[in-house]
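First comes the structure, then the notes that go with it.
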Amino acid sequence: MAQFEAPLLVTFAGYSMIILIIAYLSTKLTSNLSDYVLAGRRLSGPITALGAGASDMGSWLLMALPGAVYITGLSVIWMPIALIVGAYCNWRFVAKRIRVYTEVASDSLTIPEFLCNRFKDKGLALRIVTSLAIIIFFTYYSAAGFASGAILIQHVFVGMDYIPALLICAAVIVTYTAIGGFLAVSWVDFFQGCLMFVALLVVPVVTVINMGGIDITWHALATVNMAHLDVLKNIKFLGLLSLFAWGFGYFGQLHINMRFMAIRSIKELPLARLICMNWMTLSLLGAVATGLFGYIFYYDAPLANPNTVFIVLAQQLFNPWIAGILLSAVSSAIMSNVSSQILMSSSILVEDFYHDFLRKNASDKENLLVSRILLLVVAAVSVAIAASPNQTILQAVGFAWSGLGSAFGPVLLFSLFWRRMTRQAAIWGIISGAGMVLLWGVLAHPAVAVVNHPDILPGFEMLPGFMTSALVILIVSLKTSPPSAAVLAEFDKARALAS
């Protein structure tokens, strides 16, 4: 029988009610597929900023990263550094161009639609390849988020089995996403991003105070395990490459790039970038500090699951009412990430298949209904995968992140910045990038163990995947016929508008 503290239940219920109210209110501004998929391209800078940050980090920020620091120490710091650099480059170079170009290219609502419009492609090959890669990796990514949510709920409702906890998590996320669409997800992400930010600053500070202050805490760390403070502890060249590889993934994270597409004006991008980068930097530092200080706090009684260090600290060090709010921040991280992914997958199925090939004359009401039904289907598949977890959160996120980054990072960069890129190059770039990551996953499986190496960390597969895709795009583009005059004219128009 599951047990719970009343304050935790009340705060969680209150938090869930706020989310559902936001979702309901957003339905008043959602009247067609464009509103549901891209919020009508009317998001403000601050909403875009925290939406991009919250949907990016997810459960990884409050569970996997503190857990990795708890286990390994400060040597993990290279990954947050790479992420900060990668995110900045994405905001600086991709955001403006993709906002302008997707609107110039027949007001494209999804990335598959943009790529088809970018190359004036009327066939199925590019659309199918793009959509399959997105759905495969997003489904896997969402499964990691659902699994994180189940772990959280098990900590709130002590004694609850994993499967009921997983279903509760899925029910809340799917409900508010299906009701309100992208606008609801964006508003909720703003609210959740604020909550996550506060939680990641408060928990490490209170942990240090409970240990007697920063001087005593650092002395304790140096006394029990000085190596935990070593940024190069057990890090070899391949390990450092693995951690830096995470930064390349940003260019292909379509749930983040969709935020750029939805901002109401490119004039708001500088403010949005400033807000997001400050939010992200401080949040990552808070997550690292949580793992580091949690390590010394529980040194004499190590945690069975390091991924729960933030959760356990919140429950032990705070009043149950405050703990409930802090645990809601973990729920926020999970919801922000998963909702964006399942919404995008369902939107692609509707916009790029149902609407374009099956029911071209379908009404807005019908498209919205089908999108919500397909969202339930995508979520159900993700939940089924999460029902049998066989990897850590970091491993699962690393694989999905690498798959998306390798499949779409090079393709989007070349599409946005190189006139000579061709339709055939886009198809083979996606296939080669995604295929390399999938192949790497097979070869790295313990049953095969062809590319297993103790120095290789989660995320390394991004490097062969990204480089293979970029090389294939370059070669195929130069070996195939140049783009048409119409494609080149549209490229030049987008470039001029974005300059």
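The values are calculated or read from the model by the stated rules, or taken from the named source; none is laboratory data. Note that the structure is a prediction, hence the values are computed from the model and not measured. Positions of Cβ are generated from backbone atoms using ideal geometry, with glycine treated the same way; all protein chains shown enter the neighbour counts. Please note that ligands, DNA and RNA were not included when accessible areas were found on the heavy atoms of the full protein model with its side chains. Shrake-Rupley method; radii C 1.70, N 1.55, O 1.52, S 1.80 Å.
Key figures for this structure:
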read-out: Dimensions (Å) - region 116-234, Cα atoms, principal axes, largest first; value: 66, 38, 28
read-out: Long pairs among Lys267/Lys493; Lys120/Lys493; Lys96/Lys365; Lys122/Lys365, criterion Cα-Cα beyond 23 Å; value: Lys96/Lys365; Lys122/Lys365
read-out: Equivalent-ellipsoid semi-axes of the chain, from the Cα gyration tensor, Å, largest first; value: 37, 26, 20
read-out: Calculated diffusion of region 71-151, Stokes-Einstein form, Kirkwood radius summed over Cα pairs, 37 °C and 0.692 mPa s, µm²/s; value: 209 µm²/s
read-out: In degrees, nearest ten, helix 485-498 long axis to first principal axis of the chain (Cα); value: 40 degrees
read-out: Three semi-axes of the equivalent ellipsoid, region 281-339, Cα gyration tensor, whole Å, largest first; value: 20, 15, 11
read-out: 222 nm mean residue ellipticity, helices alone, for the chain (DSSP H n ≥ 4; -39,500 (n - 2.57); rounded to 500); value: -24500 deg cm²/dmol
read-out: FRET efficiency estimate (nearest 0.05) - Cβ-Cβ, Met17 to Ala380, R0 35 angstrom; value: 0.90
read-out: Residue-normalised accessible area of the chain, expressed per residue, 1.4 Å probe, Å²; value: 38 Å²
read-out: FRET efficiency estimate (nearest 0.05) - Cβ-Cβ, Phe417 to Asp107, R0 22 angstrom; value: 0.60
read-out: Heavy-atom accessible area order for Val224, Val205, largest first, 1.4 Å probe; value: Val205, Val224
read-out: C-alpha long axis of helix 162-210 to longest principal axis of the chain, angle in °; value: 40 degrees
read-out: Sum of side-chain charges, Phe491 neighbourhood, beta-carbon under 10 Å (Lys, Arg +1; Asp, Glu -1); value: +3
read-out: Heavy-atom accessible surface of region 160-273: percent carbon and sulfur, 1.4 Å; value: 75 percent
read-out: 0 to 90° range, to nearest 10: angle between helix 364-386 axis and the chain longest Cα axis; value: 40 degrees
read-out: Given 16 as the ceiling on other Cβ atoms within 10 Å, longest exposed-site-free region of the chain for trypsin sites (Lys or Arg not before Pro) in DSSP loops; value: 123-232
read-out: Gyration tensor (alpha-carbon) shape descriptor, region 230-331, a/c threshold 1.5; value: oblate
